[in-house]
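Here's the structure, in structure tokens; my notes come after.
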Amino acid sequence: MARQVFTQEMQRLQDEVLALGSTVEYALGDAVRILKQRDFEESRRLMANDWQINVRYHDIEQGCMELIATQQPTAGDLRVIAAMIRIATELERIGDYAKGIAKINLLIGDEKLLKPLVDIPQMATKTQGMLHRSLLAFSRKDLALARTIPDQDDEIDDLYNQVYRELFTYMLAHPETIEQGNYLLWAAHNIERAADRVTNICERVIYMITGQIVELDQSSDELRVPISPSEVEPVDRGS
Amino acid sequence: MSKASDNGQFVIETRGLDVYYGDFQALNGVDIQFPQNSITALIGPSGCGKSTALRALNRMNDLIPIARTEGEVIYQGHNIYADDVDPVEVRRRIGMVFQKPNPFPKSIYENVAWGARINGYKGNMDALVEESLRGAALWGEVKDKLNESGLSLSGGQQQRLCIARAIAVKPDIVLMDEPCSALDPIATLRIEELLQDLKERYTIIMVTHNMQQAARASDFTAVFYVNEQTRTGYLLEYGATKELFTNPKNSTTEDYITGRFG
């Protein structure tokens with residue numbers, strides 16, 4: 001086979017990206033499950049394990065840089081490597097969002113939750129599904145799949161807006177819940193951002209397959225809901 | 001017609017270029033337009049006809065008795081293979097630098113002055129030699145030893161001397177047949193940097209076996225390939241280098257430049 005060493009290393013790195021993706025996918029689901037169960041020990045464990053995600057991300061980045069430096073990849077190979085660097089970066093960030101949710105569990109402390117968590121776990125489950133399918137699209141080079149996944153981001157956004165409205169109502173009616181309400185909002189926000197990261201992954205998969213850079217998420221990257229009741233229009237921070 | 005760009009001026013183009021060596025067809029139906037003041041790299045596996053195509057651009061194949069060329073090479077609106085065209089004049093306008101540095105066993109000065117002298121140059125020869133050596137980024141290294149033999153220089157310097165010799169006759173186009181293949185990496189990089197200066201004044205068309213050199217140094221790349229049955233070479237894909245090396249149109253190009261085969 002031509003370029004056996006190169007081909008083997010490319011395969012190893014693609015496997016590493018998929019393994020990192022799987023780890024991050026579970027971390028996100030675990031973080032929300034742990035929040036729901038109010039398990040502090042598990043939260044601490046999840047936060048401590050984040051370094052493993054970072055190490056694997058750095059390993060992928062380093063491996064890609066070494067391939068570029070030593071093998072001079074071109075065309076489709078080069079696009080796969082560029083995609084792997086970007087996808088690993090997105091995965092590492094999703095890992096940080098999971099860690100952030102675990103930290104929120106600790107910050108809320110012994111306080112009873114305002115309400116049973118329903119929408120936030122649902123957001124997490126949907127985001128996990130999107131992430132899983134985006135990695136399938138990456139491994140199978142499935143263009144059609146990569147193009148359809150970002151559409152599901154709207155469902156996450158709808159759930160996020162629902163959580164937002166609900167928590168806001170709580171906080172207005174019961175000012176003593178503002179602190180916890182804010183923490184839960186941040187948890188929901190982290191998941192919403194994770195879903196945006198999945199959209200970014202899909203964009204990289206499309207670039208990897210077609211060589212075309214596309215922007216699938218046309219909305220603002222940041223807040224998508226009014227930040228105060230007086231504001232009617234969503235805040236666009238221009239990002 | 002293979003176009004690398006829809007915007008630029010084309011200085012030379014081939015139309016249905018076929019080249020034969022006796023009964024063997026080395027090159028089939030090459031249509032290609034070379035943009036002015038740019039560097040075009042011709043790449044492809046051994047035996048694909050890229051050097052044959054290069055030599056066809058200044059009738060260098062005429063020097064091979066069994067070689068026969070069909071089709072047209074249009075330069076400044078004229079077919080250089082037309083009966084009334086003087087091949088010597090063609091080669092003055094379209095110069096060539098070869099794979100192995102080949103300075104004459106004469107002084108550095110005479111190596112550069114030679115071409116102009118036989119063309120009857122009447123101007124200031126000292127000025128022409130200096131200008132040409134400066135153009136080849138060699139002046140600083142040889143200005144104090146112009147009377148020393150060209151063969152006393154290093155390989156990289158000899159190749160730049162050959163480039164100075166080629167540009168001393170004021171060509172429009174400089175053809176280069178693997179100009180760095182006999183040079184070390186440092187000398188190679190100097191030539192590649194020099195090419196970027198040269199293209200301001202000349203059009204460079206270069207055969208290279210080194211795909212990374214094509215990627216680094218050229219603006220446009222033409223990929224030649226070979227028909228497995230007939231062993232005849234043909235133009236596979238032609239386009240902007242950045243596009244070709246990141247997103248080639250042809251799957252065979254992709255396989256070739258990524259090292260899958262070839």
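Coordinate-derived values only; no laboratory data. This structure is a prediction, so every number in the text was calculated from the model and none was measured. Cβ: placed from backbone, ideal geometry, glycine included. Neighbour counts: every protein chain shown.
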>> Less than 13 Å Cβ to Cβ from B:Ala26, Lys/Arg counted +1 and Asp/Glu -1: what total charge do the surrounding residues give?
In response: +1
>> Quick check on segment A:1-158: what are the equivalent-ellipsoid semi-axes from the Cα gyration tensor, as sqrt(5λ), descending, whole Å?
In response: 34, 19, 10
>> Nearest 10 degrees is fine. How inclined is helix B:125-135 to the longest principal axis of chain B, computing both from alpha carbons?
In response: 50 degrees
> Kirkwood-based Rg over Rh for the protein assembly as shown (C-alpha set), two decimals?
Replying inline: 1.17
> Taking K and R as +1 and D and E as -1, what net charge do the other residues with C-beta under 14 Å from the C-beta of B:Ser181 add up to?
Replying inline: -2
>> Taking the 0 to 90 degree range and rounding to the nearest ten, how far is the long axis of helix B:155-167 tilted relative to the main principal axis of chain B, both from C-alpha atoms?
In response: 90 degrees
> Counting only other chains, what is the mean number of Cβ atoms within 10 angstrom of the Cβ of each residue in peptide A:94-103?
Replying inline: 0
> Of the residues B:Val129, B:Val85, B:Val11, which exhibits the maximal mean-square fluctuation in a Gaussian network model of chain B defined by a 10 Å Cα contact cut-off?
Replying inline: B:Val85
> Considering every residue in B:252-260, what mean count of other chain Cβ atoms within 10 Å of its Cβ is obtained?
Replying inline: 5
> Taking amide H positions as placed 1.01 Å from N in the peptide plane, with prolines and chain starts having none, which residues 5 or more places from B:Ser107, or on another chain, fall under 5 Å of its amide H?
Replying inline: B:Gly150
>> Rounded to whole Å, give me the distance from the Cα center of segment A:1-78 to that of segment B:109-174.
In response: 56 Å
>> For chain B, report the % of Cα-Cα distances exceeding 28 Å.
In response: 33 percent
>> Taking each residue in A:74-84, count the Cβ atoms of any other chain within 10 Å of its Cβ, then average. What number comes out?
In response: 4
>> Given the DSSP H assignment, sum -39500 (n - 2.57) over each helix run of at least 4 residues in chain A and divide by its residue total; what's the result at 222 nm in deg cm²/dmol, nearest 500?
In response: -27000 deg cm²/dmol
> Taking Cα pairs under 8 Å and at least six residues apart, what relative contact order does chain B come out at, in percent?
Replying inline: 27 percent
> Where both partners of a DSSP beta bridge lie in the protein assembly as shown, what percent of those bridges are antiparallel, to the nearest 5?
Replying inline: 60 percent
> Using alpha-carbon positions, what is the distance between the centroids of segment A:148-172 and segment A:179-203, in Å?
Replying inline: 10 Å
>> Quick check on chain B: helices-only [θ] at 222 nm, where DSSP H runs of length 4 and up contribute -39,500 (n - 2.57) each and the sum goes over total residues. Nearest 500, please.
In response: -9000 deg cm²/dmol
> What pairs in B:Lys199/B:Lys249; B:Lys122/B:Lys170; A:Lys99/A:Lys126; B:Lys100/B:Lys242; A:Lys36/A:Lys115 have C-alpha atoms more than 20 Å from each other?
Replying inline: B:Lys199/B:Lys249; B:Lys100/B:Lys242
